[in-house]
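J.: The structure is given below, and queries will be raised subsequently.
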Amino acid sequence: MDGVDDAPPIDLHIIMNDIFKNWISRLRGSRAPVASDVVETANLHFRTPWYQRHNQRRQEHLASLQLDLVGKSVLEVGAGVGDHTFYFLDRDCTVVSVEARRENCQLFGESMQALEASGYSKASHWKLVQGDVESLNGTVTGTFDVVYCYGLLYHLEDPAAALSAMAARCLDLLLVETCVPLGGHEALNPVSELWSDPTQSFRGGGCRPTRPWIMNRLKALFAHVYVPRTQPAHEEFPLDWRGSNFHGVISIGATMPIQLVETTRRLRHLQIPTAPATAPTVTSFANSILLVNLSPRMTFGNGFCPSRRRQCFSAA
């Protein structure tokens, strides 16, 4: 598969037709498996009903946007244990997944191995590279139709560098989902995170950038940045940006204006859920999703939400 160096400096290279053979031996400096308690901790964090529901609502929302995500080459950054990867594999995409933590890579590999053993042929369209986004330029080469980065940006100390690295690999569409605080000003808001938590920062430092900070960074990298009118139907994706402490947002960027789309030059204060539902209860943290499209070759369906017959996107 194109897009991955033959011998990256930090690597969990997964061979296409023999995905799991000697994968641990390819970890630089170690042939030993990850400690079982570390793997079990990761499994407990990622397999909770709350976490799985959160993933389901995000991917449900992504599907509702009617983006052309069939048969694409995809770079998945911050892949975790692979909960989002099958969204693309099942749409006949080829996927290169990048994940920093060895325990997450092991769980990811075991899941794919079990699926392959049960006859899941699309596993041959996937590669896994162990590495973090800070070393992306050293582990991944080439470009991809789609760069997918859900739930990672706020776990980084330098999200601007990460966005630049991802933009350099992106041909058409960048999808970013992240946690942001309330605020109409630019701020990065650095925070410390628990390194031992497999769902948190790999380096122990994160951030909570405001929506304007993210949008302005994206506008410096892409010709067009848009915000969908809808949010995932989940309590961590509030619909009213004027209320609580932390929120989420979705944005789309394009090199050419998207047709049949209501556009505006400001971030929206109010959004609607992806499916008929009451507004979710706001909790202390919520996520934001940003979608950046680089090419007029991408299609966006008719721009309407199927359940509401309302336009899905507005320009930021």
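The values are calculated or read from the model by the stated rules, or taken from the named source; none is laboratory data. Small disclaimer: the values here were computed from a predicted structure and weren't measured. Counting neighbours? That spans all protein chains shown, and the Cβs are built from the backbone with ideal geometry, glycine included.
J.: Out of the residues in region 165-180 that are assigned to a strand (DSSP E or B) and within 13 Å of the chain's Cα centre (by Cα), which is surrounded by the fewest Cβ atoms within 10 Å (Cβ to Cβ)?
T.: First, pick out the residues of region 165-180 that are assigned to a strand (DSSP E or B): 170-180.
Then keep just the ones that are within 13 Å of the chain's Cα centre (by Cα); that gives 173-179.
Numbers: L173: 27, L174: 29, L175: 26, V176: 27, E177: 26, T178: 24, C179: 20.
Taking the candidates together, the pick is C179.
J.: Moving on. Search region 194-219 for residues being of a type in the set (S, T, Y) and closer than 12 Å to Y154 by Cα, and hand back the single one that is farthest from the chain's Cα centre (by Cα). Write out each step before concluding.
T.: Within region 194-219, the first condition is being of a type in the set (S, T, Y), and the residues that meet it are 196, 199, 201, 210.
From what is left, the residues that are closer than 12 Å to Y154 by Cα are 199, 201, 210.
On the way: T199: 13, S201: 15, T210: 18 Å.
Of everything passing the filter in region 194-219, T210 is farthest from the chain's Cα centre (by Cα).
J.: Let me ask something else about it. Restricting region 179-198 to residues that are in contact with a strand residue (DSSP E or B) (Cβ under 9 Å, 6 or more places away or on another chain), modelled with pLDDT of 90 or more and of a type outside the set (A, V, I, L, M, F, W, C), which is nearest to G80 (Cα to Cα)?
T.: P190
J.: Within region 181-205, track down each residue that is assigned to a strand (DSSP E or B) and out of contact with any Cys (no Cβ under 9 Å at 6 or more places or on another chain).
T.: The initial filter retains those residues of region 181-205 that are assigned to a strand (DSSP E or B), namely 181, 190-192, 205.
Residues satisfying the conditions are P181, S192, G205.
J.: Also, I was wondering about something else. List the number of the failed condition for A79; all other conditions in (1) assigned to a loop (DSSP other than H, G, I, E, B); (2) out of contact with any strand residue (DSSP E or B) (no Cβ under 6 Å at 6 or more places or on another chain); (3) within 22 Å of R169 (Cα to Cα); (4) without any contact (Cβ under 8 Å) to a residue 60 or more places away in the chain hold.
T.: Failed condition: (2).
J.: Shifting gears a bit: C93 - would you say it is within 17 Å of L69 (Cα to Cα) and not aliphatic (A, V, I, L, M)? Don't jump to the end; show me each part of the working.
T.: On the way: within 17 Å of L69 (Cα to Cα): yes; not aliphatic (A, V, I, L, M): yes.
Criteria met by C93.
J.: Considering only region 145-163, how many residues are touching a helix residue (DSSP H, G or I) at 6+ places or on another chain (Cβ under 9 Å) and closer than 13 Å to E134 by Cα?
T.: From region 145-163, those touching a helix residue (DSSP H, G or I) at 6+ places or on another chain (Cβ under 9 Å) are 146-153, 156-163; that's our starting set.
Next, from what is left, pick out any that are closer than 13 Å to E134 by Cα: 152-153, 156-163.
The number of residues fulfilling the criteria is 10.
J.: Here is a follow-up. Scan region 211-244 for residues that are surrounded by 20 or more Cβ atoms within 10 Å (Cβ to Cβ) and in contact with an Asp or Glu (Cβ under 6 Å, 6 or more places away or on another chain) and jot them down.
T.: W213, the sole residue that qualifies.
J.: Please enumerate the residues belonging to region 206-230 that are more than 11 Å from P181 (Cβ to Cβ), among the basic types (K, R) and part of a helix (DSSP H, G or I).
T.: Passing the criteria: R217, K219.
J.: Pairs under 8 Å by beta carbon, first residue free of Cβ contacts under 8 Å to residues at least 12 places away in the same chain and more than 30 Å from Q66 (Cβ to Cβ) in region 175-201, partner among the aromatic types (F, W, Y) and surrounded by 14 or more Cβ atoms within 10 Å (Cβ to Cβ), six or more apart or different chains?
T.: W195/F202
J.: Do the conditions hold for Q66, that is, is it of a type in the set (S, T, N, Q) and in a loop (DSSP other than H, G, I, E, B)? Step through it out loud before you land on a result.
T.: On the way: of a type in the set (S, T, N, Q): yes; in a loop (DSSP other than H, G, I, E, B): yes.
Against the criterion (of a type in the set (S, T, N, Q) and in a loop (DSSP other than H, G, I, E, B)), Q66 qualifies.
J.: Considering region 164-174 alone, what residues qualify as being of a type in the set (A, V, I, L, M, F, W, C), under 18 Å from S135 (Cα atoms) and touching a residue at least 40 places away in the same chain (Cβ under 8 Å)?
T.: Once the filter is applied, which keeps residues that are of a type in the set (A, V, I, L, M, F, W, C), under 18 Å from S135 (Cα atoms) and touching a residue at least 40 places away in the same chain (Cβ under 8 Å), region 164-174 yields M166, A167, C170.
J.: Can you report the number of residues in region 97-156 which are surrounded by 21 or more Cβ atoms within 10 Å (Cβ to Cβ), without any contact (Cβ under 8 Å) to a residue 40 or more places away in the chain and assigned to a helix (DSSP H, G or I)?
T.: Of the residues in that region, 1 qualify.
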